[in-house]
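Let me begin by presenting the structure, written as structure tokens, before commenting on it.
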Number of protein chains: 2
Amino acid sequence: MRFLRRLSCALPALVILCSAAANADTVSDLAAKAKTDSWGYDFLADLTTDIGARMAGSKSERDAAEWAVARLKKAGFDEVHIEKFPVPYWARGAEEASIVAPRTQTLAVAALGHSVPTPPAGIDADIVIFKSFQALLDAPEGSLKGKIAVVTQKMVRAQDGEGYGVAVRTRVAGPSEAAKRGALALVIRSIGTDNHRIAHTGVTLYNKDLPKIPAAAISNPDADLVERMAAKGPVKLHLKLDSKTTENVDTYTVVGELKGREHPEQVVLIGGHLDSWELGAGAIDDGAGVAIAAGAAKLIADLPQRPKRTVRVVMFGAEEIGYASDAYEAAHSKEAGNIVIAGESDFGAGRIYNAELPAGSLNSPFAKQLTAAILPLGVDMRRESSSHGGADIEGLHEKDGVPFIDFGQDGTHYFDIHHTADDTLDKVDPAELAQNIAVWAAFTWLAANSDVDFRAQAASAGTAK
Amino acid sequence: MRFLRRLSCALPALVILCSAAANADTVSDLAAKAKTDSWGYDFLADLTTDIGARMAGSKSERDAAEWAVARLKKAGFDEVHIEKFPVPYWARGAEEASIVAPRTQTLAVAALGHSVPTPPAGIDADIVIFKSFQALLDAPEGSLKGKIAVVTQKMVRAQDGEGYGVAVRTRVAGPSEAAKRGALALVIRSIGTDNHRIAHTGVTLYNKDLPKIPAAAISNPDADLVERMAAKGPVKLHLKLDSKTTENVDTYTVVGELKGREHPEQVVLIGGHLDSWELGAGAIDDGAGVAIAAGAAKLIADLPQRPKRTVRVVMFGAEEIGYASDAYEAAHSKEAGNIVIAGESDFGAGRIYNAELPAGSLNSPFAKQLTAAILPLGVDMRRESSSHGGADIEGLHEKDGVPFIDFGQDGTHYFDIHHTADDTLDKVDPAELAQNIAVWAAFTWLAANSDVDFRAQAASAGTAK
């Protein structure tokens, strides 16, 4: 059947009809191949084994970039290169935290990324405990003078990870809010949904007009302990952080392209970030994402011919410390008009359960094709649009109007592991990774092998940015 | 109904029948009370909050003993005291492990209890990897000269924890077996069923005729990493342990009794161990056990009158390092004949799902009473006998023939946490703890308020020890 159909597609009158049918064939082939081809999983396994942690600005991140370049070249990508840009390199150093009164108990701790160090002997001070970030915001200025502020707000578990957006404010804005009120340091409950003695790190952003105070997260069970103790009486903490920041160190973004056979200047951009926090091996965050994007492109690279448009895989550097998006936008704003669509995988390898197209595209023929392609993979097309995108591509979207694709993943357990020493290969289910690769391969090939114009669709729907 | 029945029990002819009915009433009351009374859970919460880790021989263990004495006295126990005996006090000190070739990756590590330290600079050596303990045993003498032996045998998850008995041989006997073959040190995969970056400690026993080599466990994900690296080529490890042993330090066993109203010399002994590994807070191992035993006795203490026999709660010291059982037996062998039965809770707070009576007792009237009492609590009476007992009471059983009771708990997840920093209060489900307390209270009250002679039953069944 397939042979006959393909043969008859040589007749001009049938080209359009056959094109859709051939697309469906190719998508189905890609999905089947994703199930059995281990290239994507091997990429992740080798990245976590041969390289491991990849802190932005570290030698490991550079090693990872060189490793990835070699891997993409070997996989047959047409063009592979590195793009560098300078970032501050933050190195953790030794760290310790404990309750010292009413009784000594050791706490599992991780300095927040960008945290300044404590004095060499550490800080020993009574705490003021806040069970929510709002309670800290409600405290008067000066009220925390000489104290360590402790915020124990819990993150809520949700499939789409929405609890993160609520909880992460404490980590990002908390240190300066505590400093504004006179605190010596801020200790927060880990922004995470697990109950293990493993602290979650992540970047904090100091307000440049306020004193920078040391800031760290303690594990969930330790935050529970501090809460229980504080309910009984005064609690005193010891906190010692020895972090160090080096300015203007290069970070590395790896780019691999499959050149479009008809419109090489038109780009379908997919990616994830190659850098990771240095406590774990960066498996779910975001080795999985780069393995998914590269794995999807590799399946397309293996097809008999290139799609019409260029497929660009971008493995961003310095996402975790918040530099990737602006840097990529700044370097690529001139070609942004040629980026047909951009998508990013940065939520582990949990199975994809829905897709969201750019505004105005929901009723397009492309949407119909994509819907048919992903439904057999267990993915619904969302009927409503949200504002999801991705940390690395939001610059392109917001400043240059690049449309983006979003796939919703099951992140029910993602924040058990996120930004911890526990982010290791075993946390990734190979079958779920393969499903992600199949979905991205289907989307990427359909978008790259079509003439779909998401901007025009958005404009005609009156939703252009 | 209840009032009428109790009234009629004053008539002599009905005493025996009424006694069984009254027993059933009391058991039912105890079970109902266990559901709503938080004394047991509060005991555990306060033990882990106010004291925390309780390493045998440490000041914390002594503090815990004094704390427990005060708690039992306040609860109305008739007699409470401490029994001391000397043990070696092993203190962990700083520890670190990493892969140093082909690429540096940090490993989550914990020295095994009793391990000797490494030289101050640590040991750096190539590894020889064994995927099973048997493979290590099969290696010729001298074959590990100058190497670090690494055993990565995985522990199997099972409801009754049977995988532990198989896997733990590597930890207990591995260091001397590796030393016999010339190894500089032994590194093992954690004896645990989780996949977190948290290593499991536990005691090792050196063969006194062989060199003592440093020994440590790495977390399961780290063992996976070493396996993956070793599959690609030579691997070199760095291991640095700074443990220290002090001989002849006192350990503390806490004893609380409810004196029997008719046969105070006859003892129903229930307990758990108060000491814990120092990495966590000793919640499931074995704060839960002492809370269960004490909580069950507390419910009985609150009844209008004492049972006929004495209920003795024993909170053993130095179980984790292997001294509790022999020490208690040595101190109590003379009164062992008066210990009617002994039971120990030392498997966390997972719900009890079966019970096993001493040999020969299965068809006794007592068994019938107990079966009826625990069935409503979701507990079956086992129809076959095994050889389960408990680490702290096996000396009494094996040397003095003290019968023991065993309750099978659901330990499916117990070894995710066992002997780790992760052993914290949040791992205990209050409802499951309450079920354990209800079962132990029912058993303890029935045994203490009866004239059952388990030894005679064993003798008549021809199964006496």
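Structure above, values below:
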| item | result |
| --- | --- |
| Failed item, numbered, when B:H332 is tested on (1) under 29 Å from B:P214 (Cβ atoms); (2) touching a helix residue (DSSP H, G or I) at 6+ places or on another chain (Cβ under 9 Å); (3) not aliphatic (A, V, I, L, M) | (1) |
| Residues of the range B:219-244 that turn out to be aliphatic (A, V, I, L, M), open to solvent by 10 Å² or more (accessible area, probe 1.4 Å) and more than 10 Å from every other protein chain (Cβ to nearest Cβ), as a count | 1 |
| Candidates A:T106, A:T48 - the one that is without any contact (Cβ under 8 Å) to a residue 60 or more places away in the chain, surrounded by 18 or more Cβ atoms within 10 Å (Cβ to Cβ) and within 12 Å of chain B (Cβ to nearest Cβ) | A:T106 |
| Any hit, the range B:431-452, residues being within 14 Å of another protein chain (Cβ to nearest Cβ), within 26 Å of B:H200 (Cβ to Cβ) and open to solvent by 10 Å² or more (accessible area, probe 1.4 Å) | no |
| Subset tally (residues that are open to solvent by less than 40 Å² (accessible area, probe 1.4 Å) and part of a strand (DSSP E or B)) for the range B:109-124 | 5 |
| Cross-chain or 6+ apart pairs with Cβ under 8 Å, the range B:431-445 first and of a type in the set (D, E, K, R), then buried (at least 24 other Cβ atoms within 10 Å of the Cβ) | B:E432/B:A349 |
| Residue under evaluation B:A461, criteria (1) out of contact with any Leu (no Cβ under 9 Å at 6 or more places or on another chain); (2) touching a residue at least 24 places away in the same chain (Cβ under 8 Å); (3) surrounded by fewer than 21 Cβ atoms within 10 Å (Cβ to Cβ), criterion not met | (1) |
| Single unsatisfied condition, B:V166 versus (1) within 11 Å of another protein chain (Cβ to nearest Cβ); (2) open to solvent by 40 Å² or more (accessible area, probe 1.4 Å); (3) not polar (S, T, N, Q) | (1) |
| The range A:109-146 - residue that is within 30 Å of B:K59 (Cα to Cα) and of a type in the set (V, I, T) and, of those, farthest from the other protein chains (Cβ to nearest Cβ) | A:I123 |
| All positions within the range A:52-75 that are within 14 Å of another protein chain (Cβ to nearest Cβ), open to solvent by 10 Å² or more (accessible area, probe 1.4 Å) and assigned to a helix (DSSP H, G or I) | A:K59, A:S60, A:R62, A:D63, A:E66, A:W67 |
| Condition met for B:A24 (at pLDDT below 95, open to solvent by 20 Å² or more (accessible area, probe 1.4 Å) and of a type in the set (G, A, S)) | yes |
| Hits in the range A:270-293 - residues which are assigned to a helix (DSSP H, G or I) and in contact with a strand residue (DSSP E or B) (Cβ under 6 Å, 6 or more places away or on another chain) | A:D286, A:A288, A:G289, A:V290, A:A293 |
| Single residue of the range A:129-143 satisfying the filter (free of Cβ contacts under 8 Å to residues at least 40 places away in the same chain and open to solvent by less than 40 Å² (accessible area, probe 1.4 Å)) that is nearest to A:T170 (Cα to Cα) | A:S132 |
| Test: residue in the range A:147-155 that is closer than 27 Å to A:T104 by Cβ, small (G, A, S) and outside any strand (DSSP E or B) | no |
| Leading residue by the ranking (nearest to A:P264 (Cα to Cα)) among those in the range A:84-102 that are open to solvent by 40 Å² or more (accessible area, probe 1.4 Å) and under 24 Å from the mean Cα position of the chain (by Cα) | A:K84 |
| So B:S361, is it modelled with pLDDT under 95, open to solvent by less than 10 Å² (accessible area, probe 1.4 Å) and not in a helix (DSSP H, G or I) | yes |
| Qualifying position, being open to solvent by less than 70 Å² (accessible area, probe 1.4 Å), touching a Ser or Thr at 6+ places or on another chain (Cβ under 9 Å) and closer than 30 Å to A:G192 by Cα, among A:F366, A:F407 | A:F407 |
| Positions within the range A:404-418 being more than 14 Å from chain B (Cβ to nearest Cβ) and assigned to a helix (DSSP H, G or I), in sequence order | A:Y414, A:F415 |
| Count of the range B:189-211 residues which are more than 14 Å from every other protein chain (Cβ to nearest Cβ), touching a residue at least 24 places away in the same chain (Cβ under 8 Å) and not in a strand (DSSP E or B) | 8 |
| Among (1) crowded, with 24+ Cβ neighbours inside 10 Å; (2) away from chain A (no Cβ under 14 Å) - the single one B:A301 does not satisfy | (1) |
| Residue match in the range B:319-330 (condition: within 14 Å of chain A (Cβ to nearest Cβ), surrounded by 22 or more Cβ atoms within 10 Å (Cβ to Cβ) and under 19 Å from B:L47 (Cα atoms)) | no |
| Residue within the range A:1-13 that is open to solvent by 40 Å² or more (accessible area, probe 1.4 Å), at pLDDT below 95 and of a type in the set (F, W, Y) present | yes |
| Which listed residue, of A:A349, A:A342, A:A391, A:A421, is within 19 Å of the chain's Cα centre (by Cα), farther than 25 Å from A:K308 by Cβ, crowded, with 21+ Cβ neighbours inside 10 Å and more than 14 Å from chain B (Cβ to nearest Cβ) | A:A349 |
| Unmet requirement for B:D426, which otherwise passes all of (1) within 14 Å of another protein chain (Cβ to nearest Cβ); (2) open to solvent by less than 40 Å² (accessible area, probe 1.4 Å); (3) part of a helix (DSSP H, G or I) | (2) |
| Residue that is away from chain A (no Cβ under 14 Å), at pLDDT below 95 and open to solvent by 10 Å² or more (accessible area, probe 1.4 Å), where the choices are B:G401, B:G378 | B:G401 |
| Qualifying residue in the range A:125-135 (condition: touching a strand residue (DSSP E or B) at 6+ places or on another chain (Cβ under 6 Å), among the charged types (D, E, K, R) and part of a loop (DSSP other than H, G, I, E, B)) | no |
| Elements of type strands (runs of 3 or more DSSP E) contained in the range A:213-269, each with 1 or more residues being more than 26 Å from the chain's Cα centre (by Cα) and aliphatic (A, V, I, L, M) | A:236-241 |
| Unmet criterion (only one of (1) open to solvent by 20 Å² or more (accessible area, probe 1.4 Å); (2) more than 14 Å from chain B (Cβ to nearest Cβ); (3) within 25 Å of A:W445 (Cα to Cα)) for A:Y41 | (2) |
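The values are calculated or read from the model by the stated rules, or taken from the named source; none is laboratory data. Predicted, not measured: the structure shown is a model, and the values here were computed from it. Because the Cβ atoms are built from the backbone with ideal geometry, glycine has one as well, and the counts that use them run over all protein chains shown. Calculation scope for accessible area: heavy atoms of the full protein, side chains included, ligands and nucleic acids excluded. Shrake-Rupley method; radii C 1.70, N 1.55, O 1.52, S 1.80 Å.
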